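The values are calculated or read from the model by the stated rules, or taken from the named source; none is laboratory data. For clarity, every value in this text was computed on a predicted model and none was experimentally measured. Here the Cβ positions follow ideal geometry from the backbone for every residue, glycine too, while neighbour counts run over all protein chains shown. All accessible areas refer to the heavy atoms of the entire protein, side chains included, with ligands and DNA or RNA removed. Shrake-Rupley method; radii C 1.70, N 1.55, O 1.52, S 1.80 Å.
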Amino acid sequence: MRWSVSVQAAGDRDLTREEVVDLADAVAPAGGIASGIGQSAYGAQLLVEAASREEALERGAAVFTAAAVRANLPAWPISALTAMSEDEDGDDPDGGVP
């Protein structure tokens, strides 16, 4: 099943446009988009194939972390992680990890 995974990492300084563009390039192969210009967090929304929500969250976090390394971003901890399957309509409050 295909899942849309949203991931965010928060840190202690604002990110530049160039840093977020590098992240966007790094997540593009996973159908991803990036965010965080001028913010003290960077994030991405990715597409992953997984059999369960838990697997989707794990895969999404792994893809995100690898993309952040490729983009030379700070190794900030993941502060938000959610997943929604292609069959869901977005009304599920249990879509992620608190």
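Do the sum for the chain: with -39,500 (n - 2.57) for every DSSP H run of n ≥ 4, divided by all residues, what is the mean residue ellipticity at 222 nm, to the nearest 500 deg cm²/dmol? Don't skip to the end; give the middle numbers.
On the way: 2 runs with 29 residues, N = 98.
After summing the helix terms and dividing by residue count, I get -9500 deg cm²/dmol.
Against the chain, whose longest principal axis comes from its Cα atoms, helix 53-70 is set at around 20 degrees.
Overall dimensions of the chain, expressed as equivalent-ellipsoid semi-axes from the Cα gyration tensor (√(5λ), whole Å, largest first), are 23, 14, 11.
Over the range 1-91, with every protein chain in place, what whole percent of the accessible area is carbon and sulfur at 1.4 Å, could you tell me?
Details: 2520 of 4960 Å².
Exposed carbon and sulfur together represent 51 percent of the surface.
Note on Asp25: accessible area approximately 100 square angstrom, rounded to 10, probe 1.4 Å, nucleic acids and ligands left out.
Note on exposure: Ser35, Ser6, Ser85 ranked by accessible area (1.4 Å probe, complete protein assembly) read Ser35, Ser6, Ser85, with the most exposed listed first. Taking Cα atoms only, the orientation of helix 17-27 departs from the longest principal axis of the chain by about 40 degrees. Within the shell of other residues whose beta carbon sits under 10 angstrom from the beta carbon of Ala67, the net charge comes to -1, with Lys and Arg scored +1 and Asp and Glu -1.
For the chain, the relative contact order is 38 percent, taking Cα pairs closer than 8 Å that sit 6 or more residues apart in sequence and dividing their mean separation by the residue count.
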